[in-house]
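So the structure is just underneath, and the comments pick up after that.
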Amino acid sequence: METIHKIGRRKTAVARVFVQAGKGEITVNKKKVNDYFTTGTLQYKVNQPLMLTGNEEAFDLNVTVKGGGITGQAEAVRLAIARAMCAIDEENRTALKPEGLLTRDPRMVERKKFGQKKARKKFQFSKR
């Protein structure tokens, strides 16, 4: 099996996943996945597409991720892995689609407007 390359995005985080046949090792930015994503919820998010398709021990994943925060990065990695699982076997789509793992979350940070303190917050108003 050749290397499969897929990209996942969330907010400003961009994750690139390279999938090869292997023993189930996941490295994120040259670290083990448990060292990079320290909390259990983030580790669950990253492993979710592999668990749903039953491929935890089948593939080695090399992930490079940059931008955004740690949660956005974990969700970007999840999307990239889910896309890679669909590229490997089209039947994986039936397991991943109902869980919403193949949908790119379009929510982004709203821009700050001029004449305001933040995107929606206004400067303090003084009547007198």
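Here are the numbers:
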quantity	calculated
Check on G72, not charged (D, E, K, R) and not in a helix (DSSP H, G or I)	no
Odd one out for K122, checked against (1) over 20 Å from the mean Cα position of the chain (by Cα); (2) assigned to a helix (DSSP H, G or I)	(2)
Output for segment 36-76, where each listed residue is among the charged types (D, E, K, R) and exposed (fewer than 14 other Cβ atoms within 10 Å of the Cβ)	E56, E57, K66
Number of positions in segment 33-70 that are under 13 Å from the mean Cα position of the chain (by Cα) and of a type in the set (D, E, K, R)	2
Filtered residue count, segment 31-61, keeping only those that are more than 18 Å from G8 (Cβ to Cβ), without any contact (Cβ under 8 Å) to a residue 12 or more places away in the chain and either of a type in the set (A, V, I, L, M) or in a helix (DSSP H, G or I) (or both)	3
Residue match in segment 110-121 (condition: exposed (fewer than 10 other Cβ atoms within 10 Å of the Cβ), of a type outside the set (V, I, T) and touching a Ser or Thr at 6+ places or on another chain (Cβ under 9 Å))	no
Residue in segment 8-30 that is surrounded by the most Cβ atoms within 10 Å (Cβ to Cβ), counting only those that are without any contact (Cβ under 8 Å) to a residue 60 or more places away in the chain, of a type outside the set (S, T, N, Q) and closer than 18 Å to E75 by Cβ	I26
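To keep it simple, each residue is scored yes or no on (1) at pLDDT 95 or above; (2) not aromatic (F, W, Y).
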position	(1), (2)
G68	no, yes
D89	no, yes
R93	no, yes
L101	no, yes
R111	yes, yes
F114	yes, no
R128	no, yes
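The values are calculated or read from the model by the stated rules, or taken from the named source; none is laboratory data. Since this is a predicted model, take the numbers as computed values, not measurements. Don't worry about glycine lacking a Cβ; one is built from the backbone with ideal geometry, like all the others, and counts go over all protein chains shown.
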